[in-house]
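Accompanying notes for the structure given below.
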Amino acid sequence: MQIENFKIFADLVETKSFSKSAKLNGITQSAVSQQARAMERHFKTLLIDRSQKQFQLTREGQGVYESAKEMLHTYDKLLSELQEMKKVISGTIRISTIYSIGLHELPPYITKFLHDFPSVNVRVEYRRSNLVYEDILHNSVDFGLVAFPVKTRQIEILPFRNDRLVLITHPKHVLARKGEFKLSDLDGQKFIGFDPDIPTRKAVDAIFRENKLEIDPVMEFDNIETVKRAVEIDHGVAIVPFATVLQEIKQGTLATVPLKGDGFTRPLAILHRKGRVLTPAMKKFIEILGMDLSGAVKVS
């Protein structure tokens with residue numbers, strides 16, 4: 001048995017999917033199935049209960065999985081320590097992030113990171129928030145970036161920064177002339193929102209409930225770019241993170257109005273799987289984000 005066999009088996013157990021395990025390891029679904037059967041022949045015992053409709057391990061399979069995780073952790077730790085001894089900063093960092101962070105928050109950090117560490121590759125996937133958590137749990141990526149992070153038993157949350165939420169309008173909209181606005185000013189306005197399952201939408205809805213406002217969006221979209229385009233053609237107003245509209249403000253295609261009061265912020269966080277061995281490249285990436293490994297944001 002080679003270390004790759006145990007990795008494929010561990011990925012299969014965690015994703016409960018032959019196709020997902022195949023994708024993670026760059027092999028075919030048939031190859032994953034063959035690897036699982038090869039392990040069963042090697043250990044002379046059934047590892048997967050094939051009598052069940054859903055993926056399920058036998059008792060022996062659970063034991064092999066737990067031992068495989070220990071071996072993989074030790075192996076990853078050894079590789080990381082050897083890289084640190086040789087002062088090598090290389091490899092690939094895989095990131096799963098929601099659109100607004102990936103398009104508007106992350107680019108300057110990645111630019112600096114690649115400038116400082118040109119031997120490292122960075123791959124970014126844009127995903128809905130719930131899929132970012134799945135990617136972390138399935139070890140499909142090294143880091144995830146989300147807004148309004150949700151505590152999850154197997155995921156480490158490192159606070160990143162806070163976005164300020166602002167109202168955006170067409171530059172000639174009546175609310176654009178206000179220095180700031182009260183939430184009650186939204187009464188009677190056409191409001192454009194994110195889809196109901198998106199964390200920023202849930203947070204905005206909570207703000208409305210706390211202020212006893214009943215706002216029903218006239219349009220709902222699953223990403224920040226479409227929301228902005230709808231506001232640009234004056235189909236309504238929206239509440240979005242300030243960092244996502246800097247370019248439109250500069251170009252004069254959108255106007256922003258601050259919300260009166262406190263608490264209108266969007267916390268961002270970086271996620272990784274608990275117990276994950278961080279390579280030197282991963283540690284440097286966290287440092288570039290202005291954080292230390294305890295999750296505290298550095299003050300420069």
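A short reminder: the numbers here are calculations on the coordinates, not readings from a lab. Every value quoted in this text rests on a predicted model; they were computed, and no experiment measured them. Cβ atoms come from the backbone with ideal geometry, glycine included; neighbour counts cover every protein chain shown.
Before moving on, here are some points about what is shown:
- For the chain, a Gaussian network of Cα nodes joined below 10 Å ranks Asp187, Asp142, Asp76 by mean-square fluctuation, and the top entry is Asp187.
- Global form of the range 86-146, assessed from the alpha-carbon gyration tensor, a/c cut-off 1.5: oblate
- Only one residue of Gly290, Thr74, Thr226 has its Cα farthest out toward the positive end of the dipole of the chain, where Lys and Arg carry +1 and Asp and Glu -1 on Cβ, and that residue is Thr74.
- Shape call, the range 162-266: gyration tensor on alpha carbons, a/c limit 1.5: rounded
- Residue of Thr253, Thr97, Thr111 that the Gaussian network model of the chain assigns the largest fluctuation, springs spanning Cα pairs under 10 Å: Thr111
- For the range 191-271, GluC sites (Glu not before Pro) are listed when DSSP marks them as loop and at most 12 other Cβ atoms sit within 10 Å of their Cβ; the list is Glu214.
- Computed extension length for His235-Val88: 47.7 nm, one decimal, from 0.36 nm per residue of separation with the Cα-Cα distance subtracted.
- Among Ala206, Ala269, Ala147: highest mean-square fluctuation, GNM of the chain, C-alpha pairs under 10 Å: Ala206
- Antiparallel beta bridges, as assigned by DSSP with both residues in the range 129-276, represent about 80 percent of the total such bridges.
- Pairs of Lys residues in the range 162-266 that lie 8 or more places apart, or on two chains, and have C-alpha atoms under 23 angstrom apart add up to 26.
- Annotation: peptides 190-196, 58-64, ranked by per-residue average of other Cβ atoms within 10 Å with the highest first, follow the order 190-196, 58-64.
- Global geometry of the range 13-140, whether rounded, prolate or oblate, following the gyration tensor of its Cα atoms and the 1.5 cut on a/c: oblate
- Student exercise, the chain dipole from Lys, Arg, Asp, Glu Cβ charges, in Debye to nearest 20: 420
- Computed extension gain for Ser51 through Arg123, at 0.36 nm per residue and net of the alpha carbon distance, reaches 22.0 nm.
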